[in-house]
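These notes are about the structure you will find just below.
The values are calculated or read from the model by the stated rules, or taken from the named source; none is laboratory data. Predicted model, so just to flag it, every value in this text is computed and none were measured. Note: ideal-geometry Cβ built from the backbone for every residue, glycine included; neighbour counts use all protein chains shown.
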Amino acid sequence: MASKLLFFLIASVLVAYYIYKPLPDNVEEKWKVMMLDATFRSLGDVAYLAELFGIKHYMEVLMLLTHAEHTEPTSDENITVTDTSFNNVPVRLYIPKKQTDALRRAVIYIHGGGWCLGSPAMKPYDLLTRQTAQQLNAVVVSIDYRLAPKFRFPTQFDDVYAVVKFFLDKDILAQYYVDPNRVSIAGDSAGGNLAAAAAQQLLNDPGVKVKLKIQALIYPVLQDLDLNTPSYQDNGNMPILSKSLMVRFWNEYFATDRALAEAMHSNRHIPSEAGHLFKFVNWSRLLPENLKNRHIYVKPEYGRSHFVTKYPGLLDTRACPLLSEDDQLKGLPLTYVLTCMYDVLRDDGFMYASRLKKAGVQVVHAHYDNTFHGILLMNAWPFDLSIAHQISNKYMHWLDENL
Ligand SMILES: *[C@@H]1O[C@H](CO)[C@@H](O)[C@H](O)[C@H]1NC(C)=O
Ligand SMILES: *[C@@H]1O[C@H](CO)[C@@H](O)[C@H](O)[C@H]1NC(C)=O
């Protein structure tokens, strides 16, 4: 009996130790956040072990969550949902049933997951895109691009761009009763990266006549040059997206190369030949004072040339939209940037907003100082946080007013 009690006590202490994590004071629903963080962390630990013992690739284990949250395309009284393909790339399509005389608006949506995970069919994404279609009475095209590690850069970008190009055609838009002057691209995290990259590419594509009205970038990834910005330093262990997971995602996008991952961890993966690009991610210049916090700017140390020779994607603007010249940013559509305080990617968003404004682009920056990366996905049981609904409602309200 006594030994059972002792066992129970020890087990409880271990569980509490694993789950308990000090969170910043202003984060709401702390216990729920800790539970969901512990869930993600345990999945990460299982993935680590599975990889260590050669059972499965790390990302294959994390993909279990994407599979577990899979939903079938389910129409409701207001929206017809179908899985189809545009230009041979699978998409999930949401079409409002309501008949209106006026043409509809449209949102091209790109899900997140570090180019390795996620799908439009995942419950949280299905909810978000369905709500967008419902609240805006808009057609939503949610892109099911191919993922790493099976497919590397630029496959993800190419898939997204193939859909964007297909859809931004006057005849196709007419077929869906969409107003060619009211189309937006939107994405979160790695999806925000792909959205930003596609929006830039469109500026140089004479083959596409229809212009985007809006790009909405939700806590986007925008650069791999400096992985030691104040937000990387301050939020490396915050819920959902740790610094090491983000480094891992970057690494998987280009290769599964341990040496590259180690170089990225120590921020020594860019050679002196590419030194001129550091000005585009110079947070000393591009961040507001309060976010620099106590940090003093040091330029990343130069690394060997070997990595960028082997993986030129590291410096490619289709992977790092923040590395584009000022001239390339001019002409981008009205931009909505959403950032979260406790997110390694926060400063990517701030720096892009700052550079876009300087280039004369209209920017609306929604910054939330009490939450973390991936918050919009916390919209469904069992990870249902009230702040996720508040932020998502505000985003959709803004989109409704401006698109
Ligand atoms: C359909 O639209 C009506 C009117 O906007 C709304 O009240 C209802 O909840 C919607 N149904 C679903 C399943 O979202
Ligand atoms: C970064 O910006 C600061 C302040 O404007 C400047 O002193 C520094 O030389 C810049 N460094 C790089 C690498 O661009």
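Contact map, the range 150-163: first residue more than 15 Å from residue 187 (Cβ to Cβ), second residue β-branched (Val, Ile, Thr), Cβ cut-off under 6 Å, separation 6 or more or different chains; pairs are 162/89.
For the range 17-50, residues that are exposed (fewer than 10 other Cβ atoms within 10 Å of the Cβ) and more than 26 Å from residue 390 (Cβ to Cβ) total 1. Has the range 157-180 got at least one residue that is in a strand (DSSP E or B) and crowded, with 20+ Cβ neighbours inside 10 Å? For the range 157-180, residues in a strand (DSSP E or B) and crowded, with 20+ Cβ neighbours inside 10 Å: present. For the range 213-234, the candidate set comprises residues that are crowded, with 23+ Cβ neighbours inside 10 Å and hydroxyl-bearing (Ser, Thr, Tyr); within that set, the residue that is farthest from the chain's Cα centre (by Cα) is 229. If you go through the range 113-123 and pick out every residue that is in contact (Cβ under 8 Å) with a residue 40 or more places away in the chain and touching a Phe, Trp or Tyr at 6+ places or on another chain (Cβ under 8 Å), you end up with 5. Taking the criterion of being of a type outside the set (A, V, I, L, M), within 18 Å of residue 375 (Cα to Cα) and within 16 Å of ligand 1 (Cβ to nearest atom), the residues of the range 125-143 that qualify are 126, 129, 130, 131, 132. Just one of the numbered conditions (1) touching a strand residue (DSSP E or B) at 6+ places or on another chain (Cβ under 7 Å); (2) in a helix (DSSP H, G or I) is not true of residue 338; which one? Here residue 338 clears every test but (2).
Tell me whether the range 331-348 contains one or more residues that are among the acidic types (Asp, Glu) and surrounded by fewer than 22 Cβ atoms within 10 Å (Cβ to Cβ). Checked against the condition, which is being among the acidic types (Asp, Glu) and surrounded by fewer than 22 Cβ atoms within 10 Å (Cβ to Cβ), the range 331-348 yields no hits at all. Scanning the range 62-84 for residues that are part of a strand (DSSP E or B) and surrounded by 13 or more Cβ atoms within 10 Å (Cβ to Cβ), we see that the one that is nearest to ligand 1 (Cβ to nearest atom) is 79. Cβ-Cβ contacts under 6 Å between residues 6 or more apart (or on different chains), taken from a first residue in the range 335-358 that is among the basic types (Lys, Arg) to a second residue that is buried (at least 24 other Cβ atoms within 10 Å of the Cβ), are listed as 346/231; 346/339. Every condition in (1) part of a loop (DSSP other than H, G, I, E, B); (2) within 23 Å of the chain's Cα centre (by Cα) holds for residue 207 except the one numbered (2). Once the range 111-143 is narrowed to residues that are of a type in the set (A, V, I, L, M) and within 18 Å of residue 65 (Cα to Cα), the residue that is nearest to ligand 2 (Cβ to nearest atom) is 117.
Remark: pairs (first residue in the range 212-229, outside any loop (DSSP other than H, G, I, E, B); second residue surrounded by fewer than 24 Cβ atoms within 10 Å (Cβ to Cβ) and among the basic types (Lys, Arg); Cβ separation under 9 Å; 6+ apart in sequence or on different chains) = 214/182.
Cβ-Cβ distances below 6 Å connect no pair with a first residue in the range 297-313 that is of a type in the set (S, T, N, Q), a second residue that is at pLDDT 95 or above and within 16 Å of ligand 1 (Cβ to nearest atom), and a separation of six or more residues or different chains.
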